[in-house]
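What follows is a single structure, written as structure tokens, with notes after it.
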Amino acid sequence: MIRLALLRHGHTAWNRAGQIQGRSDIPLDEAARVELSEFTLPAPWDQADLWSSPLSRAVETAEIVAGRAPKTAPALTEMFWGDWEGKKGLDLKANPSSGFRDIEQWGWHYRPPNGETPAEVWSRLAPWVDTLQRDTVAVCHIGIMRMILARAHGWNFDGPAPFRIKRNRLFVVEIDGTTLTPWAAPVRLIRSDET
């Protein structure tokens, strides 16, 4: 059995402003760099294979927390939000004609204008997951984490999510063939001064 630990990248200026990032390559902000430098991967995850999205916010998070460069996989790139990238989710939600929906009402086939559906994201993620040969840490994005955790929990974006993604935590999924099984609780990163 292989274990995949998912870690969300640190904050960016767009995160803090409530802007949708998607594939836009927005870097970490300085406060995120300082915060991340206080953390490291706990054992045995510090010895696992290290992958990240090719977007700079994920690559840099991996480098800071793991102290080494990750391999990158295009499959781990955030969900493409099309015409909505750079816009604020709250503004879209306030406009009834925008078509914006909360995640609990997506289903697998919800598509932002000129963007990507969750099903399409999963179709590019699944082949990458199938290539994993040993325990792996993947530094990626909340959308990518949602797709993998949704599959593991059997959640279809149809009501409240059975998980809550927080930063500085590893969300672990056990992979046995095509079966994904989530761990009940995330694993916290450890403070660098505790190592």
Among the residues that make up segment 121-137, is at least one of them without any contact (Cβ under 8 Å) to a residue 40 or more places away in the chain, open to solvent by 30 Å² or more (accessible area, probe 1.4 Å) and within 17 Å of the chain's Cα centre (by Cα)?
yes
Looking at segment 52-98 only, could you name the residues that are open to solvent by less than 70 Å² (accessible area, probe 1.4 Å), aliphatic (A, V, I, L, M) and either touching a Lys or Arg at 6+ places or on another chain (Cβ under 9 Å) or assigned to a helix (DSSP H, G or I) (or both)?
L55, A58, V59, A62, I64, V65, A66, A75, L76, M79, L92
List pairs: first residue in segment 169-195 and within 14 Å of A150 (Cα to Cα), second residue among the aromatic types (F, W, Y) anywhere in the structure, Cβ distance under 6 angstrom, at least six positions apart or on different chains.
V172/W183
Within segment 3-14, is even one residue within 16 Å of the chain's Cα centre (by Cα) and β-branched (V, I, T)?
yes
Across segment 167-195, the tally of residues that are not aliphatic (A, V, I, L, M) and not in a strand (DSSP E or B) stands at 10
Condition first: closer than 30 Å to Q133 by Cα, in contact with a Cys (Cβ under 9 Å, 6 or more places away or on another chain) and in a strand (DSSP E or B). Can you find one or more residues in segment 18-40 that meet it?
no
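The values are calculated or read from the model by the stated rules, or taken from the named source; none is laboratory data. These numbers were taken from a predicted model, which means no experiment stands behind them. Positions of Cβ are generated from backbone atoms using ideal geometry, with glycine treated the same way; all protein chains shown enter the neighbour counts. With ligands, DNA and RNA removed, areas are computed over all heavy atoms of the protein, side chains included. Shrake-Rupley method; radii C 1.70, N 1.55, O 1.52, S 1.80 Å.
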